[in-house]
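Worksheet for the structure shown next.
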Amino acid sequence: MAPTMTSPSGMTSPSGITNFVINKGNGVKGLSEMGLKRLPKQYIQPLEERISTASFGIKNSEESVPIIDMSNWDDPKVAEAICSAAEKWGFFQLVNHGVPIEVLENVKEATHRFFELPAEEKSKNSKEHLCSNNVRFGTSFSPQAEKALEWKDYLSLFYVSEDEASALWPPACKDEVLEYMKKSEILIKRLLEMLMKRLNVKEIDQEKEGLLMGSMRINLNYYPICPNPELTVGVGRHSDVSTLTVLLQDQIGGLYVRGGTDKKSWIHVPPVKGSLVINIGDALQIMSNGRYKSIEHRVAANGSKNRISVPIFVNPRPSDLISPLPEVLANGEKAVYKQVLYSDYVKHFFRKAHDGKSTIEFAKI
Ligand SMILES: CC(C)(COP(=O)(O)OP(=O)(O)OC[C@H]1O[C@@H](n2cnc3c(N)ncnc32)[C@H](O)[C@@H]1OP(=O)(O)O)[C@@H](O)C(=O)NCCC(=O)NCCSC(=O)/C=C/c1ccc(O)cc1
Ligand SMILES: O=C(O)CCC(=O)C(=O)O
Ligand SMILES: [Fe+2]
């Protein structure tokens, strides 16, 4: 249902838009549903950040993110494909990954259910209305730091415990998100085992497990139909600050990653039914001393369809010190990154607007 406006004229001013979208919790979904004919000024990105979808759909098999079949996950060829993709692309898609398709369908449905709630209901999960930092309903990425806003609303859920999730996560999506997280855990452990083996880490003991996957954050992303998609972005250029990210996308498309032979092209990650997209994050780039790459990516806005995605960010714990692993440096390799407190790293990321691969400079020696 379209939101009712108390002061239609106030909406045309920049502060009216900000109030409606950010403070009142209508999000860009609220703007989209008013049937705006033109993109508000705040969302107009500089030319160089806009995404031309002209090449959308052009296929070039050598220039696409690998699609890896995990049916025989203990076959060394699978590990080889995964580690090579993590080195070369930092991104890959998995099919037959073991997470039941029904679980994925349920979490997509739950995401729509949450965003269909009235603004007042969703706003109960905003940082202003909730006394916890672990649940956050918001819009754009970092509105207080951005020169141009991004065309996305989100619900971000930091997992602390089953009890806290039961008490704080919105009932519209809580069970389905928890199930998605739990059912993905085996896959996450398998991936980390393969990736670690190649780095000379023979076994993932409890300490390493904490460092690699000691905290999880799940975002429900909603990209509503945009009046001028060519002028803005859904998500600007960034790399994730996670160890790795498990991303569920729907069938709409619009995710682009930096890659190809020139390492500069923007390559579309086409939706593949039942698949999960995996990408390496900054924490693993740092721990592998640059061997695995956390690749820049971004999301286009869409002029005709609402899109959702649900990333699971698998992370170190906030209290962990991260640095190149001793096993990686055992052969005399020189460390490229220094030791940083993971929560400092994440705060640095959230405090600024998206700026491509710049976050990792924070950890460079
Ligand atoms: C530092 C954290 C994130 C928050 O701890 P806190 O004690 O609650 O910290 P602060 O209250 O000081 O929050 C710091 C600031 O971070 C920002 N922030 C706090 N969570 C959020 C939040 N989910 N969303 C977007 N700002 C936030 C926010 O600016 C906030 O400031 P403020 O506006 O004053 O509340 C802490 O939970 C922590 O260390 N977590 C480690 C695990 C973790 O969350 N890892 C990040 C994985 S996320 C990832 O890889 C990519 C995410 C991403 C997301 C969107 C994109 O467009 C692209 C990528
Ligand atoms: O929506 C997507 O496909 C990707 C979103 C993303 O990059 C993120 O949330 O970090
Ligand atoms: Fe991302």
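So here's what we get for this one:
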{"read-out": "Radius, Kirkwood style, for the range 92-132 when every pair of distinct Cα atoms is counted (Å)", "value": "12.7 Å"}
{"read-out": "Helix 174-197 vs. the chain, principal-axis angle (Cα, 0 to 90°, nearest 10)", "value": "30 degrees"}
{"read-out": "Dipole of the chain, positive direction: furthest Cα of Ile51, Ser123, Gly98, with charges on the beta-carbon", "value": "Ile51"}
{"read-out": "Highest-first arrangement of 28-38, 197-207, where packing means the average Cβ count within 10 Å", "value": "28-38, 197-207"}
{"read-out": "Mean separation of Cα contacts under 8 Å (6+ apart) over length of the range 66-363, as relative contact order %", "value": "22 percent"}
{"read-out": "Once the Cα gyration tensor of the range 82-176 is diagonalised, semi-axes √(5λ) in Å", "value": "27, 21, 14"}
{"read-out": "Among Val28, Thr232, Ala330 the positive-end extreme of the charge dipole of the chain (Cβ point charges)", "value": "Thr232"}
{"read-out": "In Å, descending, principal axis extents of the Cα set of the range 296-347", "value": "53, 24, 16"}
{"read-out": "Rg over Rh [alpha-carbon atoms, Kirkwood Rh] for the range 192-344", "value": "1.02"}
{"read-out": "Kirkwood estimate for the range 66-363, i.e. one over the average of 1/r between Cα atoms, Å", "value": "19.5 Å"}
{"read-out": "The chain, accessible surface, carbon-and-sulfur percent (1.4 angstrom probe)", "value": "52 percent"}
{"read-out": "Estimated [θ] at 222 nm from DSSP helical runs (n ≥ 4, -39500 (n - 2.57)) normalised by residues in the chain, nearest 500", "value": "-8500 deg cm²/dmol"}
{"read-out": "Set of lysines near Lys189 by C-alpha distance (under 22 Å), chain-local residues within fewer than 8 positions excluded", "value": "Lys77, Lys88, Lys197, Lys202, Lys208, Lys293"}
{"read-out": "Under 18 Å from Lys182, Cα to Cα: aspartates and glutamates that are on another chain or at least 8 residues apart", "value": "Glu102, Glu105, Glu109, Glu162, Asp163, Glu164, Glu193, Glu209"}
{"read-out": "Dipole moment magnitude, nearest 20 debye, the chain about Cα centre, only Lys, Arg, Asp, Glu C-beta charged", "value": "1100 debye"}
{"read-out": "Candidate lysines - alpha carbon under 19 Å from Lys352, same-chain residues fewer than 8 apart omitted", "value": "Lys127, Lys147, Lys152, Lys364"}
{"read-out": "Set of the range 163-196 residues, backbone N closer than 13 Å to the point 7 Å along the Cα-Cβ line of Val103", "value": "176-190"}
{"read-out": "Distant alpha-carbon pairs in the range 196-250 (separation over 15 angstrom), percent", "value": "68 percent"}
{"read-out": "The chain: angle of helix 101-116 to the longest principal axis, Cα-based, in degrees nearest 10", "value": "30 degrees"}
{"read-out": "Residue-normalised accessible area of the range 66-363, given per residue in Å² at a 1.4 Å probe", "value": "42 Å²"}
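The values are calculated or read from the model by the stated rules, or taken from the named source; none is laboratory data. Worth saying up front: this structure is predicted, and the values here are computed from it rather than measured. Cβ atoms come from the backbone with ideal geometry, glycine included; neighbour counts cover every protein chain shown. Accessible surface areas use protein heavy atoms only, side chains included; no ligands, DNA or RNA. Shrake-Rupley method; radii C 1.70, N 1.55, O 1.52, S 1.80 Å.
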